[in-house]
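Have a look at the structure below, then the notes.
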Amino acid sequence: MAIALDTTLMFAPRVAGALEPAAWREGLAALRDAEAVVARRRAAGELGFLDLAQGGAALDELRRFADGVGQAFSDVVVLGIGGSALGARALRGALRPPAWNARSDAARDWFPRLHVADNIDPAGFAALLERTDPARTLFLVVSKSGTTAETLAQYLVVRERLRETVGAAAPRHLVFVTDPERGALRAIARAEGIVSMDVPPNVGGRYSVLSPVGLLPAALAGIDVAALLEGAMAMRDRCTGDPETDPAAAFALAQWLAHTRLGLGTHVLMPYAGALRDVAAWFVQLWAESLGKRRPDGTPTGPTPIAAIGATDQHAQLQNFMDGPRDKTVTFVAVAERAVDVAVPPAPAGEPAFAHVGGRTLGQLLDVERRATAAALAGVGRPSMSITLDRCDAWHVGGLLMMMQLAAVRAGALYGVDPLDQPGVELGKRLAIEELGG
């Protein structure tokens, strides 16, 4: 089992105008300084996401609930937004078969459907409530602070609906995932006897996918959360700061150098696997909210992440990547061994337009298009790199998520910002609460 990062196409002379090897050597000094910052923050207990991979008693409790009481429900609905929802969506997309919620009970091995209500758009939320039976639904109310306005509003709607339909049994249809001590949700859980699971105080929302925020909905849907954490731990232990062997350090350094030396501040993550589409969306929040900041002197900095999917976005965004502003790096994500492939029948006789696709598989075509896209970008001086997972399973996905989180905290140190806060987001929350009269 392996996860490999190939940065070859980030460098000249393979790609004209890309990073020079001398820039990489100079960047290693900055990376050493960044590693020292990360080490200090870890020693101070600020990087709690690194400890989540160890599992322990909290994981055992979570799995007992998911395998027991949790299987009494036909539907699970996550009420959350941002980091409280994106991780669950990414895990469902990566590690459950496509169209999970549309499959029959038998096709899902009788595990519940998993819905993620990550917006308060009334049309979408009302439609979700209409198609779920409250008597057969478990609602996971996810908010680290316990004060997220959107999630609290969703909870009040659901609470009223449960009281109208199941009455005194309503608390059995709720689980709160929140701070272990503080916040409105914690107080309600204590008062009403609602099951609750802790988000450690030193784990922020966008770094919480390997906490109950992501693991509880994953386990309820039958995902092997132990293997997920094993993969994450293997990546954590592999990432020691040497970019020759540490893919998180190499990814962070390459992106930072491309931005600060070459002006390539738009960072595209482009999986060539439909299962990883929502992982790309999760990465966008991680990279944007961790790195788009002001330095201590007030100077704005940070990259702009973009999610793309191959081969779909070859016919949507690639034109811009090729000939638009030269401000991007593209990171491809490939899966070496597919669990499923589809054979293309031989080309019909006398139909030359089909000759190059007939007799192959869709997976082979996808791989060829990914390599051709990387070569095309290189040919016009557009740098890229590739991440390859041996398989798209729980172990590899856990490793990929840990790699990206470690890359984000390293990149934060390189950019000179705090990757753990989000002052811009907090200002918007305060202004909204003021307008609502809170």
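Nothing in this text is a laboratory measurement; each read-out follows from the coordinates by a stated rule. Only a predicted model underlies this, so the values are computations on that prediction, with no experimental measurement involved. In this analysis, Cβ positions are derived from the backbone assuming ideal geometry, glycine residues included, and neighbour counts consider all displayed protein chains.
Which ³J(HN,Hα) values in Hz, rounded to whole numbers, follow from the phi angles of the range 108-116 under the Karplus curve 6.51 cos²θ - 1.76 cosθ + 1.60, where θ = phi - 60° and Gly and Pro get x?
Here the 3J(HN,Hα) series is 8, 6, 6, 6, x, 5, 10, 10, 10 Hz.
Kindly give the semi-axes, whole Å and largest first, of the ellipsoid equivalent to the range 326-438, taking each as the square root of 5 times a Cα gyration tensor eigenvalue.
42, 19, 18
Taking the Cβ of residue 21 as the center, what net charge do the other residues with Cβ under 13 Å away carry, scoring Lys and Arg +1 and Asp and Glu -1?
Taking every other residue near residue 21 into account, the sum is +1.
Excluding residue 194 itself, calculate the net charge of residues whose Cβ lies under 14 Å from the Cβ of residue 194, where each Lys or Arg counts +1 and each Asp or Glu counts -1.
Combined, the nearby Lys, Arg, Asp and Glu give +3.
How large is the convex hull of the C-alpha atoms of the range 1-41 per residue, in Å³?
So the per-residue hull volume is 93 Å³.
By what distance, in whole Å, do the Cα atoms of the range 233-371 stretch along each of the three principal axes, largest value first?
Its Cα atoms span 68, 38, 25 Å along the three principal axes.
Measure of size requested: the Rg and Dmax of the range 291-361, with Cα atoms as the atom set and Å as the unit; please supply both.
20.2, 69
How charged is the neighbourhood of residue 32? Take every other residue with its Cβ under 15 Å from the Cβ of residue 32, and add Lys/Arg as +1 and Asp/Glu as -1.
Net local charge, residue 32 excluded: -3.
How long, wide and thick is the chain, going by the Cα atoms along their three principal axes, in whole angstroms, largest first?
69, 66, 42
Hey, if you drop one equal point scatterer on each alpha-carbon of the range 102-251 and run the Debye formula without solvent, what base-10 log of I(q)/I(0) do you get at q = 0.10, 0.20, 0.22 Å⁻¹?
Each listed q maps to, in turn, -0.44, -1.33, -1.48.
I'd like the antiparallel share, as a percent to the nearest 5, of DSSP beta bridges with both residues in the chain.
Bridges in the chain that DSSP calls antiparallel: roughly 15 percent.
Treating cross-link reach as a plain straight distance, find the lysines whose alpha-carbon is under 29 Å from the alpha-carbon of residue 429, omitting any fewer than eight places away in the same chain.
144, 293
Spelling out what I want: for every residue of the range 68-81, take phi, set θ = phi - 60°, compute 6.51 cos²θ - 1.76 cosθ + 1.60 (Karplus), and round to whole Hz; glycine and proline get x.
Running phi through 6.51 cos²θ - 1.76 cosθ + 1.60 with θ = phi - 60° gives x, 3, x, 8, 7, 10, 8, 9, 10, 10, 8, 9, x, 8 Hz.
Between residue 315 and residue 340, what's the calculated FRET efficiency when r is the beta-carbon distance and R0 is 22 Å? Round to 0.05.
Calculated value: 0.45.
Please work out, to two decimal places, the log10 of the ratio I(q)/I(0) at q = 0.16, 0.18, 0.27 Å⁻¹ from a Debye calculation in which every Cα of the range 390-438 carries one identical scatterer.
-0.67, -0.71, -0.92
Okay, helix-only estimate at 222 nm for the chain: each DSSP H run of n ≥ 4 adds -39500 (n - 2.57), divide by all residues, round to 500 deg cm²/dmol; what do you get?
So the helix-based figure for the chain works out to -14000 deg cm²/dmol.
In Å and whole numbers, how far do the C-alpha atoms of the range 25-90 stretch along each principal axis, longest first?
Largest first, the range 25-90 extends 57, 26, 19 Å along its Cα principal axes.
In a solvent-free Debye calculation with one equal scatterer on each Cα, what is log10 I(q)/I(0) for the range 321-378 at q = 0.21, 0.24 Å⁻¹, listed in the order of the q values?
-0.88, -0.97
Rounded, prolate or oblate: which fits the range 21-164 when a ≥ b ≥ c are the square roots of the eigenvalues of the alpha-carbon gyration tensor, with rounded for a/c under 1.5 and prolate only if a/b beats b/c?
Verdict is prolate for the range 21-164.
Once Lys and Arg get +1 and Asp and Glu get -1 on their Cβ, which of 309, 299, 142 lies farthest toward the positive end of the dipole of the chain?
Among 309, 299, 142, the one farthest towards the positive end of the dipole of the chain is 299.
Which whole-angstrom value gives the distance between the alpha carbon centres of the range 384-419 and the range 241-292?
7 Å
At a 10 angstrom cut-off on C-beta neighbours, averaged per residue, how do the peptides 103-115, 420-432 rank from highest to lowest?
Final packing ranking: 103-115, 420-432.
I need the GluC sites (Glu not before Pro) found in the range 159-193, filtered to DSSP loop residues with at most 10 other beta carbons within 10 Å of theirs.
181
Highest first, please rank the peptides 197-205, 370-378 by the mean number of other Cβ atoms sitting within 10 Å of their residues.
197-205, 370-378
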